[in-house]
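Working notes for the structure below.
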Amino acid sequence: MLSGQQMRMFSKVDPSLNAAVRGDKVVLVRADPTDESQRWIQDHDNVGRVTDAQGRRAFALVNVATGKALVHARGKLQLAPYAGHDGVEISKLWSLGVKFDDGFCEVRDLSNMDRTINVTGGMGVDLVRYHKSELTYDFTVWKIVPSPASDPRRFSVPMTATQR
């Protein structure tokens with residue numbers, strides 16, 4: 001099993017929803033620190049010194065529960081088996097765009113930085129897709145932050161404007 005810091009990934013659209021695996025899809029679900037399908041490893045170690053065209057370090061996003069990596073293939077976001085120690089296919093590699101003041105940034109296809117991971121709908125549906133970059137919208141920017149998986153009492157999510 002891949003080791004490393006476990007992360008949670010959420011969009012600016014609703015920081016109380018994490019990217020998770022349900023079946024063979026990546027969806028947004030209500031944040032739950034006990035749900036391993038919401039935890040990701042941002043694997044830089046098995047990628048080597050690969051960078052994008054702007055010099056930003058490449059990584060694979062591997063789901064802790066399934067061991068599968070996010071893959072960009074033919075314009076779609078998919079999951080595929082991951083064995084980083086055997087080399088990492090370019091379709092499994094991502095890079096981060098420039099971070100905004102609030103810490104959010106695009107998660108970009110390493111080989112085509114004009115394609116990013118975007119949110120397309122509401123909770124629990126197949127909402128995360130691979131799409132053309134639209135940097136000015138909340139549905140195109142993400143945070144990938146450490147998951148408090150080892151201590152659920154430390155888990156918190158930012159309140160949305162409607163919750164305040």
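Here, each number is a calculation from the coordinates, and none is a lab measurement. Here the structure is a predicted model, which means the values were calculated and not measured. Note that we place each Cβ from the backbone using ideal geometry, even for glycine, and neighbour counts take in every protein chain shown.
Toward the positive end of the charge dipole of region 29-99, with +1 on the Cβ of Lys and Arg and -1 on the Cβ of Asp and Glu, the farthest Cα among 61, 91, 44 is that of 91.
Counting 0.36 nm for each residue step from residue 98 to residue 138 and taking away their Cα separation leaves a gain of 13.0 nm.
Karplus-derived 3J(HN,Hα) values for region 100-109, using 6.51 cos²θ - 1.76 cosθ + 1.60 with θ = phi - 60°, are 6, 4, 8, x, 7, 7, 6, 10, 10, 4 Hz; glycine and proline are entered as x.
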